[in-house]
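Inspection log for the structure reproduced underneath, given as structure tokens.
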Amino acid sequence: MALDLSVFNRFAVTFKAGSVIFCEYEPGDSFYLIQSGKVKIVKIFGDIEKTIDILQPGEFFGEMALLEEAPRSATIIAVEETKLLEFNRENFEILMQGNPQIALKLLKLFSKRIYDQKRRFQILTLEDVLARVADVFLMLSEGQVLDEDEIEDGRREFYTSIDDIAHWAGMSPDECRKTLDQFVSQRRVEVFENKIVVKNINDFKRFVSSSRNKQEKADS
Amino acid sequence: MPPKAISFKANSIVYFKGDKGESVYILQKGQVSLNYLDIQTGQEMHDFVQTGEFFGVKAAFGKYPHDETAVVLVDSTVIQFSVEDFEQLLSSNSRIIMKMLKVFSNQLRRIHKQVRSLMSGDEQVDAEKGLYSVGEYYFKNKKHDKAADAFNRYMIYYPAGRYVDEVRRKIEYSESQRGVSGDDFSQAPQQPAPPKTAYTMEQAVSIRNSGNYPEALKAFVRVAQSFPDHRIFAEFEAGICLYKLKKGNETIKHFTEILKRNPAHDRMGEALYYIGKSYLMIEDKEKARGFLTKSSSLLPQDSPEIRDAALILEQMGGA
């Protein structure tokens, strides 16, 4: 990264390979910029540690803490010896003002987050549990990159766990499993060990939009 | 495509809701309204774009569909930018970026709140249990370095938490196994397991006095664990280290826990003072004022803390 950040050297912190930079659920209000090394973002789901992303020099993490006082939403671990710049709210603004490239990156990240959160909100406002789960699949399918044949064909495969789907749908895993069973018995969904298949995503689209319309009519 | 000025007649549309975002617009002259449905109430909303203001930015950045329809109210001129040109423009103008960052972060904060308000109760796992289970996962999988890291953090925030006995035992075991096995970074040069650093209270204090707060924090947490007699003092000093490290939220959490467990703590005034100062750090002026005011009534009359609190309250005005 061609940025001169030497003025920020007093904020530098170094972590050894394998050490935890911060833990999921920990309170925190620092924002980090990677100078050298690599970190991985992990979350623990029951007995599995899932790596969500690996970040490189020039990338940053911990930005949500600048916005709200929620606990950290993931654990960050140094993959190799890593040098970070650690900012709090006060010096964060100084960093951004002096480094438009970083600010621009953050701006883009925020745009994406706002979009994603609005999409999540739409799902959660659905009252019908079937529609809510169907809409989760729609959301996931919107992020899939498909070739033309696959787009034609309404069949979609999702390598997403039931726990994740339950999380997006704002319900317990048990409730989510029951809801999926209903779709299975209607032959609209197949659940496999490692994946879930929606047989016709267009059918889900119609189902969700009619459910949304019905709800709006009832509300007004 | 270089930026170009486009004239729009009254009642025409710059883009419709659902159109994929490809350009960013600036209103040069005229009047434009952004019409959308409020996601919470479903009400139709109209936001007026000021001249000189950008619109369509979020959708253009991510090439997402627009959330709103941009309606031209009177004959207007709009400048259309490609995303690249817009970025070029921004990169030489950090004032605009800062302004947009603030707008976006406010929107993000609001939508986060809205999403959370709809999540079912069991979704909001309690943070204490969550932190414990992170340590537990690494402990079970024999990743002792990480288990020790996570459990040590648990001890900082929940010195009297539900799992404290177990956590203390497991820290001891993990520390003794540090760097021994099970870690997935075996390609890194193995550092010999450092001898378990036992700090005495005196050492912790002298580290603190030297100004090495990260190390002092560790030392006080360790002392609190190994010397029950020193626990109350060491825990308190650990909190001050957190504050010195400018970790506002952590400090608040730490002292709140201490006071919860010991409602008649003899350093209550000081604890409230640090909570107040931490709220100031995270820019929650109302809470800062509340805590500092309360601390002033409990702090000893001639302490530096009471003078500082008085000064801050005076600067805030209306205390």
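The values are calculated or read from the model by the stated rules, or taken from the named source; none is laboratory data. Treat the numbers as computed from the prediction; the structure is a model and nothing was measured. Counting neighbours? That spans all protein chains shown, and the Cβs are built from the backbone with ideal geometry, glycine included. All accessible areas refer to the heavy atoms of the entire protein, side chains included, with ligands and DNA or RNA removed. Shrake-Rupley method; radii C 1.70, N 1.55, O 1.52, S 1.80 Å.
Brief remarks follow.
- Close contacts from region A:129-154, counting a first residue that is more than 17 Å from residue A:116 (Cα to Cα) and hydroxyl-bearing (Ser, Thr, Tyr) and a second that is part of a helix (DSSP H, G or I) and modelled with pLDDT of 80 or more, with Cβ to Cβ under 7 Å and a gap of 6+ residues or different chains, come to none at all.
- Subset tally (residues that are over 24 Å from the mean Cα position of the chain (by Cα) and facing chain B (nearest Cβ under 7 Å)) for region A:97-125: 2
- Any hit, region B:54-73, residues being assigned to a loop (DSSP other than H, G, I, E, B), open to solvent by less than 20 Å² (accessible area, probe 1.4 Å) and touching a Ser or Thr at 6+ places or on another chain (Cβ under 7 Å): yes
- Residue among A:46, A:58, A:18 that alone is on the phi > 0 side of the Ramachandran plot, in contact with a Phe, Trp or Tyr (Cβ under 8 Å, 6 or more places away or on another chain) and in contact (Cβ under 8 Å) with a residue 40 or more places away in the chain: A:18
- Count of region B:82-110 residues which are open to solvent by less than 20 Å² (accessible area, probe 1.4 Å) and either over 34 Å from the mean Cα position of the chain (by Cα) or without any contact (Cβ under 8 Å) to a residue 40 or more places away in the chain (or both): 6
- 1 or more residues closer than 22 Å to residue A:65 by Cα and either open to solvent by 50 Å² or more (accessible area, probe 1.4 Å) or modelled with pLDDT under 85 (or both): qualifying helices (runs of 4 or more DSSP H) within region B:223-319: B:231-244, B:248-261, B:268-281, B:285-296
- When residues of region A:12-27 are limited to those that are among the aromatic types (Phe, Trp, Tyr) and assigned to a strand (DSSP E or B), the one surrounded by the most Cβ atoms within 10 Å (Cβ to Cβ): A:22
- Some residue of region B:92-104 being among the basic types (Lys, Arg), under 24 Å from residue A:126 (Cβ atoms) and within 11 Å of chain A (Cβ to nearest Cβ): no
- Flag for residue A:87 being over 30 Å from residue B:178 (Cα atoms) and touching a helix residue (DSSP H, G or I) at 6+ places or on another chain (Cβ under 9 Å): no
- Consider region B:152-162 and keep the residues that are touching a Leu at 6+ places or on another chain (Cβ under 9 Å) and without any contact (Cβ under 8 Å) to a residue 60 or more places away in the chain. The one that is surrounded by the fewest Cβ atoms within 10 Å (Cβ to Cβ) is B:153.
- Verdict on residue A:87 being more than 9 Å from chain B (Cβ to nearest Cβ), of a type in the set (Phe, Trp, Tyr), open to solvent by less than 30 Å² (accessible area, probe 1.4 Å) and over 21 Å from residue B:284 (Cβ atoms): no
- Enumeration of residues in region A:72-85 that are of a type in the set (D, E, K, R) and under 23 Å from the mean Cα position of the chain (by Cα): A:72
- For region B:187-198, the condition of being in a loop (DSSP other than H, G, I, E, B), modelled with pLDDT under 85, of a type outside the set (Val, Ile, Thr) and surrounded by 13 or more Cβ atoms within 10 Å (Cβ to Cβ) holds for at least one residue.
- Within the set B:115, B:167, the sole residue that is in contact with a Phe, Trp or Tyr (Cβ under 9 Å, 6 or more places away or on another chain) and surrounded by fewer than 22 Cβ atoms within 10 Å (Cβ to Cβ) turns out to be B:115.
- Count of region A:185-220 residues which are open to solvent by less than 90 Å² (accessible area, probe 1.4 Å) and within 14 Å of chain B (Cβ to nearest Cβ): 5
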